[in-house]
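Here is the structure we will look at.
The values are calculated or read from the model by the stated rules, or taken from the named source; none is laboratory data. All values derive from a computational prediction rather than experimental measurement. Neighbour counts run over all protein chains shown; Cβ positions are idealised from the backbone, glycine included. Accessible surface is based on the protein model in full, side chains and every heavy atom, while ligands, DNA and RNA are left aside. Shrake-Rupley method; radii C 1.70, N 1.55, O 1.52, S 1.80 Å.
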Amino acid sequence: MKSITKKIFHKIAFLHYQTLVLMSVCLLALTACDILLPPAPAAEEVLGEPIDGLTAEQQATHIQGDGEFARIFGVAEGLGPMFNAASCESCHAGDGKGHALTTLTRFGRMNGSTFDPMITEGGPQLQNRSIAGYMPEALPAHASGVTHLLPPAVTGLGYLAAVPDEALLALADPNDRNGDGISGVPNELSPHEFFRPLPMHKQLNGRYIGRFGRKAGAIDLLQQVSAAYRNDMGITSDFISEELFNVQTGAFTGDNVPDPEVSASVVNNVVFYMRTLKVPPRRNADASNVKAGEQMFTRIGCAGCHVATLKTGASDIAALNEVEFHPYTDLLLHDMGAELDDGYTEGSAKTSEWRTTPLWGIGLSAKAQGGTASYLHDGRAKTLPDAIKLHGGESARSRDRFQTLSEAEKQQLITFLQSL
Amino acid sequence: MKKQVMKKYTMKHFVFLFALSMVALQSFAQDKKDSTKQGGQSSTAQSGTTQDAVYRRPFITSFANTSIGGYAEANTNYFVENGVTEGFSMEMRRFNLFVFSSISSRIKLLAELEFEHGVEEISLETALVDFEIDPALTLRGGILLAPVGAYNLRHDSPLYEIVERPLVATQIIPSTLSSIGFGVYGRTFFSDFIATYDAYIVNGLQDGIILNSAGRTFLQAGKSKEIFGESANGVPALTGKVGLRKRGLGEIGVSYYGGIYNRFRRDGVVVDAQRSLHIFAFDANATLGGILLQGEAAMNIVDVPDNAGEFYGRRQWGAYLDAVAPVWTGAVLDYTNAVLNATVRLEYIDYNVGRFAATGETIGDDVIAVAAGVSFRPTPQTVFRLNYRQHWTHDILGNDPVRRAGIQFGIATYF
């Protein structure tokens, strides 16, 4: 052995120059691995990370759910017959906000003083795509209320899901007793058939508070996810097993894949995945102009709806158990005025009412939207100042105050928003 | 999203061991006093025309008029994607058996049975009969390789210095694309040139190239074992290629594959519009200054129904270019003409050419890739490859690319 080693070292001393080149290449590769192999993006630049403190079992479920969230459905897997997108991730790229490509259209009409979601005509959601040989839906001509909804970011939803109803009711001020012009109300919804109340839920005359969706039209993530499987992708599940048919054309045939197309476990894994995504990371939170911007944000009244801090109740996930977090929402409905009234609504919300959008992650919007951010429920605002200008109703006072700020103060406030 | 990031010791050890083994081989090679340096042989790939490739393979054993041969390829993988790795793994990509029979002076049979990843997928990739009337006119029938691009015809792993197949040849042209078909091919010679042509009708690709689990227009998903049994729609696809080779320099070729891909008729009733698919390809290879350059560009045009939406590209294109340079030739162990090559490959594919209707922004869904490495060929039939490759993959929205990079070591050999 010793002699062989000696022989090799002896030979190395007389290497051909090409071998030296080869060795150099190999050694370069060896030493440069950390450069050549792509590192993880900076934590403050990405959404979609799991929360800290998950157990190994919880991490495994999170990863399982991640895989299902990314799973793309084709015809052979049950896509359609009508659909809007073929996977969860195609609407929520990188777990962030969606793009005009996957904007959902919902419609209905007012029938006297009540809103008719036009279920018999394919409402409330327009499935604008379909598999081969099947017609997608068309927007009924007499739909008076039509709204376009950008898919929201899905990060931090576990925290929002864990806020007790009592905490939201404490934020509500339907009669504006404090006189600030802001009167948040909860969207009270009839529970879906597979709803299982948790201690955090509070029954309100047989109804429960909705908190997910632009109109707070979903009580919990299970409702949101199972409805998205069926209404967005045409994928039936153990929770909603009826296929999506085009009632407009009378095409009551499906996609030739037996229903349900995914099991309850699949849906539950995706729910767990969404529950266990981190809150969106802050950037430059301690910078002086960011802090000044946050003070401005509070001073002009934005924080009246975009409540900075909420607290979760008891949770089966330790990291979500009774912790404070900063979503910048009160999860309540607010009248946004004629500026944002599309004539469409869900549950007990009026057509001009929208759930306060959580502002966390708003500074990372562009990273999930192909580099060009768009704001508000339908992406009609291309800049944050434009989005503020379109705030009306209860937020009109804050909007007007924003307009009176100096350019420097406005910029501070925008810088703060971009740090979220 | 985040998975456990594994330490990279395994890959470092592997690189180090490869370097040491190369050094040792070199050292022993210098012991052989009768070592004779010869001209660099970068690979066996470029001898003969592309059209010849199906027959220009080593067959090692003969029984009467029948010969058998084949090739095997295996490799290691260590990849990291945005800081996340699944660790180190190995795969037995292919074990292929060739059967060649010279039935008579003008009739030949060639077949190739492929085993991928052990027995995960077994397919009869080629099973054709040729009847030569004249070198300029040979009738061919059976399961044949569609003559679209050069790689689809000449895809045997031992011919290449990079472990992975070119993206354009797997994503834009669904290599290996073989189908039952009939047609003619031939060649003619003039001066230093050889001109070749191929023309066949085949059972074409099927439904599945859209609305599939890839979520994009993906021609590979239109392949089905059924196309060896019957056409899905009763309309044959057409495929053909013309090539021109200059002896001692290289070859160029242009090729086409097209037809109706959807099942538009059921029980004789027309249930959908006929939807077409066209693939156009250009390939070239040349040896300049001892450096082999080879590449291919391809574009496909797919009639996607409006109902399917913009996820599914109406046009796709891609290209790759390989450069292979022999950097050392000499004797190693018993191999008197061993070659060490340096190689680099540049690649690009765009799965969805166009702009979003709603925003006018350019649709993403593209991949840029680069691979570089060294290969060692103790004989022309056997190659040891060490590659580094990196991909930048944009999603359909054009968000920041996902970076994936890694190192592969592989061996491929004819037998």
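Table for the structure above
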quantity	calculated
Any chance A:Gly184 is over 23 Å from A:Lys311 (Cα atoms), open to solvent by less than 40 Å² (accessible area, probe 1.4 Å), at pLDDT below 95 and of a type outside the set (Val, Ile, Thr)	no
Candidates B:Thr329, B:Thr359, B:Thr413 - the one that is in contact with a helix residue (DSSP H, G or I) (Cβ under 6 Å, 6 or more places away or on another chain), β-branched (Val, Ile, Thr) and within 11 Å of another protein chain (Cβ to nearest Cβ)	B:Thr359
Among the residues listed as B:Ser105, B:Ser89, B:Ser123, the single one being within 29 Å of B:Gln294 (Cα to Cα), touching a strand residue (DSSP E or B) at 6+ places or on another chain (Cβ under 9 Å) and small (Gly, Ala, Ser)	B:Ser123
Hits in the stretch A:36-64 - residues which are surrounded by 12 or more Cβ atoms within 10 Å (Cβ to Cβ), under 22 Å from A:Val323 (Cα atoms) and either without any contact (Cβ under 8 Å) to a residue 12 or more places away in the chain or basic (Lys, Arg) (or both)	A:Gln59
Qualifying residue in the stretch B:312-319 (condition: out of contact with any Leu (no Cβ under 7 Å at 6 or more places or on another chain) and without any contact (Cβ under 8 Å) to a residue 60 or more places away in the chain)	yes
The stretch B:161-190: number of residues that are part of a loop (DSSP other than H, G, I, E, B) and in contact with a Ser or Thr (Cβ under 7 Å, 6 or more places away or on another chain)	3
Among residues of the stretch A:361-405, those that are away from chain B (no Cβ under 14 Å) and part of a helix (DSSP H, G or I), counted	20
Residue count for the stretch A:119-150, restricted to those that are open to solvent by 10 Å² or more (accessible area, probe 1.4 Å), within 14 Å of chain B (Cβ to nearest Cβ), touching a Gly at 6+ places or on another chain (Cβ under 8 Å) and part of a loop (DSSP other than H, G, I, E, B)	4
Any hit, the stretch B:226-241, residues being modelled with pLDDT of 95 or more and more than 27 Å from B:Asp350 (Cα to Cα)	yes
Residue within the stretch B:376-386 that is touching a Phe, Trp or Tyr at 6+ places or on another chain (Cβ under 7 Å), within 30 Å of B:Gly313 (Cβ to Cβ), open to solvent by 30 Å² or more (accessible area, probe 1.4 Å) and away from every other protein chain (no Cβ under 14 Å) present	no
Hits in the stretch B:387-408 (condition: over 26 Å from B:Val327 (Cβ atoms) and in contact with a Phe, Trp or Tyr (Cβ under 8 Å, 6 or more places away or on another chain))	B:Ile396, B:Pro401, B:Val402, B:Arg403, B:Arg404
Failed item in (1) surrounded by fewer than 19 Cβ atoms within 10 Å (Cβ to Cβ); (2) within 14 Å of chain A (Cβ to nearest Cβ); (3) within 28 Å of B:Tyr151 (Cβ to Cβ); (4) at pLDDT below 90, with B:Gly40 passing the rest	(1)
Residue check for B:Ile201: away from chain A (no Cβ under 12 Å), within 26 Å of B:Thr138 (Cβ to Cβ), β-branched (Val, Ile, Thr) and surrounded by fewer than 22 Cβ atoms within 10 Å (Cβ to Cβ)	yes
Hits in the stretch B:212-231 - residues which are outside any loop (DSSP other than H, G, I, E, B), surrounded by fewer than 22 Cβ atoms within 10 Å (Cβ to Cβ) and small (Gly, Ala, Ser)	B:Ala221
Cβ-Cβ under 9 Å pairs, at least 6 apart or on other chains, the stretch A:316-340 side assigned to a strand (DSSP E or B), far side basic (Lys, Arg)	A:Glu324/A:Lys311; A:Phe325/A:Lys311; A:Leu333/A:Lys215; A:Leu333/A:Lys350; A:Leu333/A:Arg355; A:His334/A:Arg355; A:Asp335/A:Lys350
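To keep it simple, each residue is scored yes or no on (1) among the hydroxyl-bearing types (Ser, Thr, Tyr); (2) surrounded by fewer than 17 Cβ atoms within 10 Å (Cβ to Cβ); (3) within 19 Å of A:Leu157 (Cβ to Cβ).
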residue	(1), (2), (3)
A:His306	no, no, yes
A:Thr309	yes, yes, yes
A:Ala318	no, yes, yes
A:Glu322	no, yes, yes
A:Arg355	no, no, yes
A:Gly361	no, no, yes
A:Gly370	no, no, no
A:Thr383	yes, yes, no
A:Gly393	no, no, no
